[in-house]
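Q: My structure is below; once you've seen it, I'll send some questions.
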Amino acid sequence: MDTVTVPEAQAGDPFYAAIKARAERARDLFRERGSEIRRLDKHTWYCPSQQDDETAPPYVVHYGGEVESCSCPDFTHRCRESGQPCKHILCIGIANAKSRRGVMFHTSAVITDIDRLRSDVESLRGEVQAVR
């Protein structure tokens, strides 16, 4: 399996719009179904589907290890090759940060600054590297 890296984004390029949309969906998923997220081991999580169908099985997300991946179709068909995280990986990032640091989650927050989001992601990566 290849390592997934997040490329730099610039306003106006397709990555910028895609990551912003995925980040917003990840936030919504965490807000709506975050209580259903389950950590299986150090780097493996179950993340619920955002579909209304509650019988949909959760996706398996590998987060924080050598390789980050998700079993969802979006990651398999689009994100893996482009190096973008899917909403489930981003959602697990929120859950992981919240569980580690007691971060308060504000449901009214809207991600409008991709540079701030990128900085937050890099900060979390740095913290993960420091823990290893």
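Q: Could you check, for segment 45-57, whether at least one of its residues is under 18 Å from L124 (Cβ atoms) and not small (G, A, S)?
A: Looking through segment 45-57, at least one residue is under 18 Å from L124 (Cβ atoms) and not small (G, A, S).
Q: Right, here's the next one. Give me the pairs, please: first residue somewhere in segment 63-86 and farther than 14 Å from V121 by Cβ, second residue anywhere and in a loop (DSSP other than H, G, I, E, B) and of a type in the set (S, T, N, Q), beta-carbon distance under 6 Å, and either six or more positions apart or on two chains.
A: Listed pairs, sorted by first residue: V67/T3.
Q: So G93 ticks every box in (1) under 22 Å from R39 (Cβ atoms); (2) at pLDDT 80 or above; (3) more than 15 Å from the chain's Cα centre (by Cα) but one. Which box is left unticked?
A: The single condition G93 does not satisfy is (3).
The values are calculated or read from the model by the stated rules, or taken from the named source; none is laboratory data. Computed from a predicted model, the values in this text were never measured in an experiment. A quick note on method: Cβ atoms are made from the backbone with ideal geometry, for glycine too, and the neighbour counts reach across all protein chains shown.
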